[in-house]
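Scroll down for the structure; my scribbles are underneath it.
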Amino acid sequence: MKAPGGPPLLSVRNLDAGYGHVRVLQNVSLSVDAGRIVALVGRNGAGKSTLLRTLSGLNRAASGEITFDGQNIAGLRPHAIVAAGLLHVAEGRRLFRRQSVADNIELGRYGLRLGAEQHRQRMDRIHELFPVLQEKKDLPAGGLSGGQQQMLAIAQAMMREPKLLMLDEPSLGLAPVLVDQVLSAILTLRAQRVAILLVEQMVERALEIADEACVMQNGRMIASGPANEIATGDALRAAFMGDHGAPGHLQS
Amino acid sequence: MPLRAALPLVFQAAAIAIALLLPAFVGANSYALFVATQLGIYVIAAIGLNLLAGYAGQVSLGHAAFVAIGAYSVALLTVDHHWSFWAAAALGMVLAAGLGMLAVLPAFRLNTWYFAFITLAFALVFEKMIVEWRWLTKGFAGVVGVPPPSAFGFEFGPRPLYFTVVLVTVIAFILVRNVVHSRFGCAFVAVRDVEPAALAVGASPQLAKLTAFVISAALAGIAGAFFAVQKTVVTPDDFTADFSIFFLLTVVLGGLGTLWGPIIGALVFFLIPELLAGLQSWRMLIYGGLLLGLMLFAPHGLFGALRQGWRRFAPQAATPVLAAERAEHPPIAGLPLQVSGLRKRFGGVLALDAVDFHAPAGSCCAIVGPNGSGKTTLLNLASGYYVPDAGSVKIGRVEMLGSSAPRIATRGVGRTFQTPRLVADLSALDNVMLGAYTRERANLLSIALRLPSARAEAHRLREEALGFLHFVGVADRAETEAGEIPHGQQRLVEIARAMMGGARLILLDEPAAGLSMSELERLERLIARICELGATIVIVEHHLDLVANIASHVTVLDRGTVLAAGKPAEVFKDERVMRAYMGERALKTGAPA
Amino acid sequence: MDFDVVAHGIVAGSLYALVAVSFNILYRPTNVFNFAQGELVMLGAMIFASATSLAGMPWFAAFVATLVAVGLIGLVEERIAVAPILARSQTGTGWVITTLAVSLIISNLVGRFWGPDPILVKPPEPLSMEALDLGPSRISSYEIMLVIVTIVLVAIVESAYRTLKGKAVMAVAEDREAALLRGIDPGSLRRWSFFLGAAFAAMTGVLAAPILYASTSLGPDLLLKGFAAAAVGSIGNNRGALIAGYLIGVTEALGASLLSPGYQEAVIFIVVLTVLLLRPQGLFGSSTARTV
């Protein structure tokens, strides 16, 4: 499955970041290959969201390297990172609630020149994956249910055909049947060669669909490796149960 | 350290000495004395504007109008109705504050720039009305021959007038300083920078802005009263928009939100025009350029620049905090919280649906659940930050549904926030003292006058706040600005603030998020100790270990409904809970903790 | 009620609505309410007056030149006085003072350059300021055209918000960070809206000049009446601004004819305060939820 040789799509090395005086991320390294799903797990406050925010340029990295698709993106502004093909669907969906579903999808391609044919193809692909969005296209996005809002947020990102999609807690507040739908959409995207970096608190479900996984604790990456190994390893339990397990063991 | 403490005193003494000795060196009818008197008058108004714009964050662009109200009151009442200056000046203060309040009242509920616009419009309308109401104000010609003030049959010449103005300036400075250092001043800054913090301690933002405005307008009114007697003629041309800009520039130049700013600003301002007399016609252009340049390059003005230089020259030594270690703390009578049928919808998402939750008095209850399950929404509804769509929130035995956040805080409900909401510009100690906002009995007047009772109370509260900082274990940071304190300790300061408010029900929103292992242990011990004192604690937390250790009762929320409730050990064994929280495998490998 | 008074109120109200719309254009993506907007209107009138009356430029060429020139000044204002303040804090209101400073600078420079005398500006052919005899009302062909043009302009601005760029502006207004994550650059939209907001203000000045003359006193007056129309009509709502503009224009005209011209400002002020006291969000806005 893994692309033979070649550098990873996203490579993060020794990243330090935080807010103001508070250092949240310490010496974080991570890599994501094209077309793979990488689950990023850890307890609340472990630094997962901060890591995503730093990768998408909302936060500044204090030090470290971020290379995406052969380009150094550390210090680029968010819209430039989006243009490079790295998209971030933030926690809580963050839609434009007062605008219609159709307008929200259109905003996903802001600044992008698409031919009429290309545009139709992308819309078709979105509607094939999430038919409900076509039915509700004239509704304000704020009127959608939580699950539909999550689909809309992913649809916005799909308008750009991203190389890597970062999803922060896509199952947040969703009913189980909708969680299934969102997760199967993620698998469909992988089939279309989109790499996914998935932050998910339904750890079990995330590890089921992921190829690889990384575990974060207190702003550090304490383990990474194939998802099935992580799922049975000690690091996961340590990160969640708060055992005072020594960080760093189980480094693959 | 001694130099550091002595320097402000030396400056204050020097300033007063120069002010008092000046008349000895210049003639009674000299231009220098005239200018010095005028300077004092402007400083009085600028001190007020600084309290309003610098501390409370409400930029007034029409301060000239409030000065005009004071000036016209004195001019008309003394010339036409032969009132004494003192009575007329008092009425002028009341009118400036009262008329101004009518105009700016709608602005307090809105974004701060509405206030700027409305004061600008008020000044313009007032200027027009002075001209329009010729029968009252004598129109463009103005009121002439305003008599000097007199007392005990003695008429004030230029020198006594000068001394009176100096006295009033010193009094205004001291009153405003006392207010700034009190709970009111801290509340002003909280309203300016972190409104949720103000709400959490029970301070109403509208009332805080109004208080700052009334003091400010009254000072402008008294400045206007002296303006009238000094110039002896009052005309509409004295109170143009330029005059308002002049006050604003004075304050910005000296340093917005610094006590000495208005004085330094006015002094510099008076020297500059004298030096640049030839450039009179360029004045407004220079004002504009200065305002722009200062805001861009020196937002805290000359005083800010001096202070920065001084700090670099003499860095602050860690001040040892002298307070009795208070491990003991009187017991707290916990308040029960009873929530039933609570429902809240945001757009298409039902955040909470028919949620029941009960925290008996003196218990420690936890609310857990996956992200987005409605835990924080529940806290926000219970503390008045959101208004629920349906249901009931009883605190003690009283229904509090629909009450404002400050009212609920006043009932004895303290809370912390997911990201600590401290006022960054205030010290940790001031932040904690702000917690006692609704508990402090001393009113504005006794605080401004530093009456012995107010001083004693402030001293007692200060000791108490230090005690709480000891209690939570960050007393060594008492004098540090909150913005400079590490994240984990900010949380502890926030808890101290809630306790300082006399909270009997404390709502903690994810207190463990982002804490290191050692900080977590401290937090756990702290919560357990507060609970032992008798306070009711409701904690929203992801950290199941912490919850299992401290909570006697756990409620699990999932997608806005209660999934399970009961003792932690039982609840965490519940299959549905494990599935919602940990996924299938947790079921196979056994319960956490 | 005197029909003629109402008609002139509508004409004046159209101008106030245009100023309010220019505020809105600038406010939507930035949350900055430009205190120099009145001076930009004045600058538009002055540049246009000089270009046509003094330099003899043809109407349309002068119109375009004025809009571009003032638009660029708006852009400079954004770079110098607004961007640095917002870079320091997105939520602070330091820009109240800096945009006010810009207004002082513009008004004084213009005063030195052009002097205090108003300049007469003729309407473009074949319109004129000659009063037409239309039964009860004595209104000119230019004024009728101004009322129509205002409605058309508001419609054009509203339709601009239905383009993708317009939707992006609304997106930034609603959630700046979410917009960033969709590849929208708020900085570029802010620069554009300062350029367009300033150009629109200049156009308002050009349209106002035949009626009010071009003079330095135009600025503060239109600043406050434009603010009144924007606040009463709900900030950001252009159709609301149009209706509020009429409301304020007519109230002002009636106040002046029933009381005295000196009461114009006072009457408007009381209307604005009353509306804000009863409906803080303005007549045509919905209240927004509070969040922690």
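Going through C:168, C:179, C:198, C:228 one at a time, which residue ends up being more than 12 Å from every other protein chain (Cβ to nearest Cβ), crowded, with 24+ Cβ neighbours inside 10 Å and of a type outside the set (D, E, K, R)?
C:198
Taken over region A:197-231, the residue count meeting the criterion of being away from chain B (no Cβ under 14 Å) and touching a Lys or Arg at 6+ places or on another chain (Cβ under 6 Å) is 1.
Specify which of the listed residues (C:85, C:80, C:105) is in contact with a Phe, Trp or Tyr (Cβ under 8 Å, 6 or more places away or on another chain), within 15 Å of residue B:292 (Cα to Cα), part of a helix (DSSP H, G or I) and free of Cβ contacts under 8 Å to residues at least 40 places away in the same chain. On inspection, the qualifying residue turns out to be C:85. The residues listed here are B:72, B:114; of these, the one that is in the same structural domain as residue B:205 (by TED's automatic domain parsing) and buried (at least 24 other Cβ atoms within 10 Å of the Cβ) is B:72. Under the condition of being more than 16 Å from residue B:554 (Cα to Cα) and within 14 Å of chain A (Cβ to nearest Cβ), the residues counted in region B:344-368 number 10. Considered as a group, the residues in region B:533-543 that are within 14 Å of chain A (Cβ to nearest Cβ) and within 29 Å of the chain's Cα centre (by Cα) include one that is nearest to residue B:468 (Cα to Cα), and that residue is B:539. If you go through region B:189-210 and keep only what is within 11 Å of the chain's Cα centre (by Cα), of a type in the set (Val, Ile, Thr) and more than 20 Å from residue B:61 (Cβ to Cβ), you end up with B:189, B:194. Scanning region B:83-132 for residues that are part of a helix (DSSP H, G or I), among the polar types (S, T, N, Q) and more than 8 Å from every other protein chain (Cβ to nearest Cβ) gives a single hit, B:119. If you go through region B:272-282 and pick out every residue that is surrounded by 12 or more Cβ atoms within 10 Å (Cβ to Cβ) and either within 14 Å of residue B:169 (Cα to Cα) or modelled with pLDDT under 75 (or both), you end up with 4. You will find that of B:233, B:214, B:268, B:251, the residue that is more than 14 Å from every other protein chain (Cβ to nearest Cβ), in contact (Cβ under 8 Å) with a residue 12 or more places away in the chain and either buried (at least 24 other Cβ atoms within 10 Å of the Cβ) or under 18 Å from the mean Cα position of the chain (by Cα) (or both) is B:214 and no other. Screening residue B:371 on (1) assigned to a loop (DSSP other than H, G, I, E, B); (2) within 14 Å of chain A (Cβ to nearest Cβ); (3) modelled with pLDDT of 90 or more shows it passes everything except condition (3). Within region A:146-161, the residues that satisfy the criterion of being assigned to a helix (DSSP H, G or I) and either at pLDDT 90 or above or at the interface with another protein chain (Cβ under 8 Å from one of its Cβ atoms) (or both) are A:146, A:148, A:149, A:150, A:151, A:152, A:153, A:154, A:155, A:156, A:157, A:158.
Before we move on, is residue C:104 facing chain B (nearest Cβ under 9 Å), surrounded by fewer than 19 Cβ atoms within 10 Å (Cβ to Cβ) and more than 17 Å from residue C:187 (Cα to Cα)?
no
As for region A:167-174, it holds at least one residue that is over 15 Å from the mean Cα position of the chain (by Cα) and within 14 Å of chain B (Cβ to nearest Cβ). Identification of helices (runs of 4 or more DSSP H) wholly contained in region B:435-532 with 2 or more residues that are within 14 Å of chain A (Cβ to nearest Cβ), crowded, with 18+ Cβ neighbours inside 10 Å and touching a residue at least 40 places away in the same chain (Cβ under 8 Å) yields B:487-500.
Screening residue C:140 against (1) within 22 Å of the chain's Cα centre (by Cα); (2) more than 14 Å from chain A (Cβ to nearest Cβ); (3) surrounded by 15 or more Cβ atoms within 10 Å (Cβ to Cβ) leaves a single unmet condition, (1). Are any of the residues in region C:32-54 over 30 Å from residue B:58 (Cα atoms), free of Cβ contacts under 8 Å to residues at least 24 places away in the same chain, surrounded by 18 or more Cβ atoms within 10 Å (Cβ to Cβ) and away from chain B (no Cβ under 14 Å)? Yes. Selection of helices (runs of 4 or more DSSP H) fully inside region B:184-297 by the criterion of at least 1 residues being within 30 Å of residue B:158 (Cβ to Cβ) and aromatic (Phe, Trp, Tyr) returns B:205-231, B:241-254, B:261-275, B:283-297.
Taking the conditions (1) more than 14 Å from chain C (Cβ to nearest Cβ); (2) in contact with a helix residue (DSSP H, G or I) (Cβ under 8 Å, 6 or more places away or on another chain); (3) modelled with pLDDT of 90 or more in turn, residue B:167 satisfies each one other than (2). Set side by side, the residues B:39, B:49 differ, and just one is among the hydrophobic types (A, V, I, L, M, F, W, C), assigned to a helix (DSSP H, G or I), surrounded by fewer than 24 Cβ atoms within 10 Å (Cβ to Cβ) and at pLDDT 90 or above, which is B:39.
The helices (runs of 4 or more DSSP H) found entirely in region C:176-253 that carry 1 or more residues being in contact with an Asp or Glu (Cβ under 8 Å, 6 or more places away or on another chain) are C:186-212, C:218-232. Only one of the numbered conditions (1) over 21 Å from the mean Cα position of the chain (by Cα); (2) at positive phi is violated by residue B:502, and that is (1). Taken over region A:162-217, the criterion of being part of a strand (DSSP E or B) and over 22 Å from residue A:68 (Cα atoms) is satisfied by A:217 alone. The set of residues in region B:257-271 that are β-branched (Val, Ile, Thr) and at pLDDT below 90 contains only B:268.
Kindly indicate whether any position in region C:240-258 is surrounded by fewer than 24 Cβ atoms within 10 Å (Cβ to Cβ), within 13 Å of chain B (Cβ to nearest Cβ) and either more than 24 Å from residue C:101 (Cβ to Cβ) or not polar (S, T, N, Q) (or both). Yes - at least one qualifying residue is present in region C:240-258. Of all residues in region B:133-140, at least one satisfies being part of a loop (DSSP other than H, G, I, E, B) and surrounded by 15 or more Cβ atoms within 10 Å (Cβ to Cβ).
The values are calculated or read from the model by the stated rules, or taken from the named source; none is laboratory data. Bear in mind the structure is a predicted one, so any value in this text is a computation, not a measurement. As a convention, Cβ positions derive from the backbone with ideal geometry for all residues, glycine included, and neighbour counts pool all protein chains shown.
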